[in-house]
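The values are calculated or read from the model by the stated rules, or taken from the named source; none is laboratory data. Here the structure is a predicted model, which is why all the values come from computation and not from measurement. So basically every Cβ, Gly included, is an ideal-geometry build from the backbone, and we count neighbours across all protein chains shown. These area figures cover heavy atoms from the full protein model, side chains too; ligands, DNA and RNA do not enter into them. Shrake-Rupley method; radii C 1.70, N 1.55, O 1.52, S 1.80 Å.
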Amino acid sequence: MQTARVVYDPDHGAELAFAGKNILVTGGLGFIGSNLALRLIEIGAKVTLVDSLIPEYGGNLWNVENIKDRVQINISDVRDPHAMKYLVQGIDFLFNLAGQTSHTDSMTDPYTDLEINARSQLSILEACRKYNPLVKVVFASTRQMYGAPQYLPVDERHPLGPVDVNGINKMAGEWYHLVYNNVYGIRSTVLRLTNTYGPRMRVKDARQTFLGIWIRRIIEGQPLLVFGDGKQIRDFNYVDDVVDALLRAAESDDANGAVFNMGADDPITLKDTAELLVRLNGSGTYEIVPFPEDRKVIDIGDYYGDYRMLRSRLGWRPATPLEDGLKKTMAYYREHHRHYWHDSHLN
Ligand SMILES: NC(=O)c1ccc[n+]([C@@H]2O[C@H](COP(=O)([O-])OP(=O)(O)OC[C@H]3O[C@@H](n4cnc5c(N)ncnc54)[C@H](O)[C@@H]3O)[C@@H](O)[C@H]2O)c1
């Protein structure tokens, strides 16, 4: 089997690298995985999605409704080494996105987070080492492992200091990829994602990003709840821009063994984000409320990332201003909300 070594061609985007290639996306029925799958199908890749569809997580078959006849869907769990042994064989690119993503759940059920975000990553990489050592892997990591920033914007050299169990286990997951790259030559690139939003994100409850539940609440005519004083700064990436970064990371062999921050040009406070949503929606309200205790203890304060390395080495920059991305996201959920939540009772 040949490795897919293709230089990024700005005229043809990612097409040259991925057309006709076998691609496996773990967590492929989730938010980012399904948006990636849509793009990969568009550019002619052969795509298999593996997802456990655990109800508390972001997997949703509706996410791939438009391409359901053109992708292979394998409902299995990355914790199952037998499934992974089978699935990694013959794959050119593995986008490793399956994860337990709730920070609060990682504190109430730390062992499940450990199993999925750390232990499974090791078995996925072991499957690659034994059965497909030429595969290229891209791992979706998180800025959460920096903890409370010591300076802003946070670059990749910022010390790591996770404030929750999820951050620790994602950090381990990330390091397994780097070690397997460095020791065994399993080509791996790590992207540390920041708050990602867009169509197909999980909006059912507040388990994942707050922006998801805000979008649901504003569409339902409920007030948005802003925790703390609302002055916390965040950076947001629209999902299409994250998909673009994942593709660039996959196709560049210069990126093997590297860790890249994602980031945005327009960091914004939570209060301003709430005001923006209300304005774009044409109606709505928000309330500044005290931090729930379980969130306060793992909050990181202000954060925004320095993505200059991703820009200089892979030519990536965020193309979608927050306002445009939020408009598209709200339009999606206005049309498809019945596939994402079933009643007006907020849980
Ligand atoms: N969305 C963000 O803002 C963000 C930020 C930082 C990092 N990330 C990382 O990006 C990745 C994708 O996140 P997302 O936002 O698309 O979340 P998501 O919950 O929508 O997608 C994750 C998918 O993984 C699947 N999954 C979970 N455990 C599994 C298992 N054991 N076996 C098989 N499938 C399993 C879920 O069913 C879900 O479909 C995650 O690894 C997450 O840690 C996301």
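Expressed in nm to one decimal, what extension gain is obtained for the pair residue 151 and residue 227 from 0.36 nm per residue of sequence separation less their Cα-Cα distance?
25.1 nm
For residue 136, which sequence-distant residues (separation of 5 or more, or a different chain) have an amide H within less than 5 Å of its own amide H, given hydrogens modelled in the peptide plane?
Amide H neighbours of residue 136: 93, 94.
Using helices alone, I'd like the mean residue ellipticity at 222 nm for the chain: each DSSP H run of four-plus residues gives -39500 (n - 2.57), total over residue count, nearest 500.
-10500 deg cm²/dmol
So what is the accessible area of the chain per residue, in Å², with the probe set to 1.4 Å?
Ligands and nucleic acids excluded, the figure is 42 Å² per residue.
Quick one: plug the Kirkwood hydrodynamic radius of region 108-241 (C-alpha pairs) into Stokes-Einstein at 25 °C, 0.890 mPa s, and report D in µm²/s.
Translational diffusion coefficient: 145 µm²/s.
R0 = 22 Å: FRET efficiency of residue 179 with residue 134, Cβ-based, nearest 0.05?
With R0 = 22 Å, the Cβ-Cβ based efficiency is 0.80.
For region 167-292, would you read off the P(r) tail past 27 Å as a percentage of all alpha carbon pairs?
That tail contains 32 percent of the Cα-Cα pairs.
In debye, nearest 20: dipole of the chain around its Cα centre with unit charges on the Cβ of K, R (+) and D, E (-)?
540 debye
For region 135-221, with the dipole built from +1 on Lys and Arg beta-carbon atoms and -1 on Asp and Glu ones, taken about the Cα centre, which of 184, 158, 138 lies farthest toward the positive end?
138
Can you put 120, 76 in order of accessible area, largest first, using a 1.4 Å probe?
76, 120
Mark the label point 7 Å from the Cα of residue 336 along Cα→Cβ and return the residues of region 64-87 whose backbone N is within less than 11 Å of it.
Once the point is set 7 Å along Cα→Cβ of residue 336, 64-68 turn out to lie under 11 Å by backbone N, inside region 64-87.
Have a look at 20, 33, 167 and tell me which one the Gaussian network model of the chain (Cα, springs below 10 Å) gives the largest fluctuation.
20
I'd like the projected area of the chain, averaged over all directions, using the convex hull of its alpha carbons. Report it in nm² with one decimal.
If you wrap the Cα atoms of the chain in a convex hull and average its projections, you get 15.9 nm².
With a 1.4 Å probe and all protein chains in place, put 85, 231 in order of accessible area, largest first.
If we order 85, 231 from most to least accessible, we get 231, 85.
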